[in-house]
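FYI, it's all coordinate maths here, none of it is from the lab. On a predicted model such as this, the values are computed, not experimentally measured, just so you know. Glycine also receives a Cβ, built like all others from the backbone with ideal geometry; neighbour counts cover every protein chain displayed.
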Amino acid sequence: MCGIVGYIGSRPALGIVINGLKRLEYRGYDSAGIAVNDGGKTQIFKCAGRVRDLEEMVNGKDVSGTIAMGHTRWATHGEPNEINAHPQVSYRGHFIVVHNGIIENYGRIKRHLEGRDVKFTSQTDTEVLANLMEHLYLEGDLTAEQAIIMALNKVEGTYGIAVFCRDEPGKMFAARQGSPLVIGVGDGENFVASDATPIVEHTQRVIYLNDDDLAVISKDEMVLKAIKNKPFEPDVKKADLKIGEIDKEGYPHFMLKEIFEQPRAIHDTFRGRVLPNQSGLMLGGLHNVFDTMASADRILIVACGTSWHAGLVGEYILEEYCRIPVEVEYASEFRYRDPVIKKGDIVLAISQSGETADTLAAIKLAKERGAMVLGICNVVGSSISRETNAGVFTHAGPEIGVASTKAFTTQVVTLAMIAFETGYRKGLLDEIRYRSLIEELVSLPVKIENTLKVNDQALALAKIYKDSTNALYLGRGLLYPVALEGALKLKEISYIHAEGYPAAEMKHGPIALIDEHMPVMVVATKENSYDKIVSNIQEVKARKGIVIAVVTEGDQVISKMADYVMEVPETVSVFAPVLAVIPLQLFSYHIAVLRGCNVDQPRNLAKSVTVE
Ligand code: G6P
C-alpha cells in the first residue's frame, strides 16, 4: 500500500517520478504528492485524487530539479486530502518524508513533540516521523543521517521511507522496516521505489533493501548501512522484469489483459520445470526440501485474499495426492492466535506480491517456532520470497490490476506441481498417473485459450445482471474455493454484494435469499460431487432462482436445468479450478465496466497490502 518513487541524477526529475508513480498507482490511489529539489529549494505539490490530478497540478509550472521523490497514497491515518498526502514536511522545514507503512507508536511520540512546541498540520503518522527526525537533529546537533537513524530506532511499526534533508541537498535517504523498497542503480543516477516497476525502464540493476537497511544515495554513489550503522556491501541483482510487461498492450484494462494472459502465464509457471518427454517435474526451489516435504506430518497454508482461496484449492490437492493433512488459515488470524506448530509441520505461505504484511508476519512467527517455511510467490526478490526457507515462483509476470486473476490460476498450478512431485516421491502416484497428470498440465494453456472464448457470453450475461444488488456463488469440493473467488471478484470491482458458499451449506441459510432476481452462479463442472451439485441446482430452481452455471463442455444435464451455462473444456479435477474460474473473472470484469467502476483500481483497495 502506498507507492514511493525517488530519483537523483542529472535529468529533469519531475517527469521521471510522475511516470514512476503512475506505474505504482496500483499500490494506492487516493492522493498523491511530489517534492522536487533543484539543489537550492524544494517545491512540493500534493493533491487528493490520482497521479494524473497531480500531473495536471504541476503542468505548466516551472518545476526544475534533478532530485525528486513522490508518493501515491492508500490512507491509513487521516482521510485522503491534500494535507494528509505525502510528502510530509517537519515543522521547521528541515525534513521531507514519503512513507509506506504504519508508525504504531506515533501517538506517544506526537504528544512528546507537542510538549516541545512542535506544531502538526496533518493527521498522519508520517508527519510525526518527519518531526521526530527534525527534533533529534536540532536538539542533538546531528547530521541528517544520524538523526534519521536515531529516529528510526525510536519508532515501532513498519516503514519504507524516502527522506530529504533541506541542509544536505544532493542526498536522498531510503530505509525500510517491513515495507518494501528497491534501489535502482544507474550511471550517474539512482532510483528508489516500492517495487522495481518504475525502475526497469531506466536500469535493470536493482538492490532489494532488507529490514533495517538504510541507503544514503547521491547521484554517483549509494552507500548501504544497517540502521545500527554498520556499512555493508550491497547485493546488486538484475531486475526480473521487462518494461513491456507493465503496459496494457492494447487492452482497455490491466485486469482484462491479465485474464487473457493466463495461457502464457501458466505456460511460464511450468516452463523449464517439466522434464523432456513429460517424464517428470523439476522444481529447483524445493529440490533440497522434498524429502522433508514428503515426510511432513502436516502442512499449514497461510495467505490472504485470493492467495488464500488458492490455498484452499491446495488443501484439496495436497491431501489427495500426498495424503498429508493440510490446514489453511488467514495469515492475519494465524499470527495472533498462538498457533500450535510442531516439529514435522511445514508452513506454506502463498502470496502474489510477496509483501503482504500479515503473511510476512505469519512466516516470521512460524520460523521463530522452528517450522520450515516454504513460499509460493510471484514477485522475485520480494520480502516473502527472501524470508522463506525455500519455495517456488509462479512466474505469472507482473499483476497490476488490483483484482487478482492470473495470480490465482498460476498459484493453483504451482500447488498442483508440488503435490504431484511429493505424491510421486512418496510412492502414492504411480509412474503412469504421474506422467498423465504432467501431460494434462502441459495441455492447460490451450484449454485456457479455449475457455477464454466464453468472453462474449460473459459480456452478454453481464449486460443482463449488471444492476443486481446481490449474487450467490456455489461450488463443491475444490470448486468451492472457486465460488469464493468468483464472489470476491464481483464484490471487489463492481461493488455488488456477493457471497460464496459450499453448495450444500446453502440449505443452512443462504437459500432464504433466493428469489427470481438474484443470480446464483453455480460452479458445476464434472467432478466427484457433480450429482450432488445437480441436486443443489434443482433446489435453487424450485425456488424460482436464476442459475448461471459453469459446466464442462457438452454437459447435457445442467444445460437443461440452468438459465444459462458457460462451458469450459474437460480436464482432470485438480485443474478444474483453473478453467472454471475464468468465466467468473470475465463476468465480474464486464459487470464492473458496465457499471462504470474503476476496474483496475477499485475504491478502498490496494494491490499490495503492506499494513496489517
Ligand atoms: C490484496 C489484493 C488481493 C490479494 C491480497 C493478498 O487484498 O487486493 O488481490 O489477493 O491482497 O495479496 P498477496 O500479494 O499476498 O497475494
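Observations on the structure shown:
- In this structure, the pairs whose alpha-carbon distance is over 29 Å, taken from Lys342/Lys489; Lys560/Lys607; Lys242/Lys406, are Lys342/Lys489; Lys560/Lys607.
- Length-normalised contact order of the range 81-122 in % [C-alpha pairs under 8 Å, at least 6 apart]: 39
- Relative to one another, the C-alpha centroids of the range 235-272 and the range 311-358 are positioned 27 Å apart.
- Here the contact order of the chain, divided by its residue count and restricted to Cα pairs under 8 Å and six or more residues apart, works out to 12 percent.
- Just so you know, the Rg over Rh for the range 69-130 is 0.93, from Cα atoms, with Rh as the Kirkwood radius.
- Potential extension, Tyr564-Gln278 segment - 0.36 nm per residue separation minus Cα distance: 99.2 nm
- DSSP beta bridges in the chain [antiparallel fraction, %, rounded to 5]: 60
- Between Arg116 and Lys343, the modelled labels are 5.0 nm apart [label points 7 Å from Cα along Cα→Cβ].
- In this rough spin-label picture, where each label sits 7 Å from Cα along the Cβ direction, the Ser218-Asn528 distance is 6.6 nm.
- Measuring r between the beta carbons of Lys41 and Tyr336 and using R0 = 56 Å, the FRET efficiency lands at 0.75.
- Once the mean of 1/r is taken over each pair of separate Cα atoms and inverted, the chain shows a Kirkwood hydrodynamic radius of 25.3 Å.
- 3J(HN,Hα) from dihedral phi, the range 30-41, Karplus parametrisation 6.51/-1.76/1.60, rounded to Hz, x for glycine, proline: 9, 6, 8, x, 8, 10, 10, 10, 10, x, x, 10
- Each residue of the range 386-403 was assigned a 3J(HN,Hα) from its phi angle through the Karplus expression (A = 6.51, B = -1.76, C = 1.60, θ = phi - 60°), giving 8, 7, 7, 6, 6, x, 10, 7, 7, 6, 6, x, x, 10, 9, x, 4, 6 Hz with x at Gly and Pro.
- Between His77 and Arg11, the distance separating the two model label sites (each 7 Å from Cα on the Cα→Cβ line) works out to 3.5 nm.
- Packing-based ranking of 259-271, 549-561 yields 259-271, 549-561, ordered from highest to lowest mean Cβ neighbour count within 10 Å.
- Between 0 and 90°, nearest 10: helix 144-154 axis offset from the chain longest Cα axis: 50
- The Rg/Rh ratio of the range 12-66, with Rg taken over Cα atoms and Rh as the Kirkwood radius over Cα pairs, comes to 0.96.
- At full extension, Asn153 and Glu449 could sit 101.3 nm farther apart than now, given 0.36 nm per residue minus the alpha carbon distance.
- Simple Cβ-charge dipole of the chain, Lys/Arg +1 and Asp/Glu -1, about Cα centre, in debye nearest 20: 180
- If the chain linking His517 and Glu245 were pulled fully straight, counting 0.36 nm for each residue of separation and taking away their Cα-Cα distance, it would gain 93.8 nm.
- Equivalent ellipsoid dimensions for the range 346-419 as semi-axes, Å, which come from the Cα gyration tensor, largest first: 20, 14, 9
- Globularity ratio of the range 241-295, using Cα Rg and 2.2 N^0.38 Å: 1.61
- Annotation for the range 1-54 versus the range 102-135: alpha-carbon center distance of 23 Å.
- Note on the range 3-143: Lys pairs 8 or more places apart or on different chains, Cα atoms under 20 Å apart, count 6.
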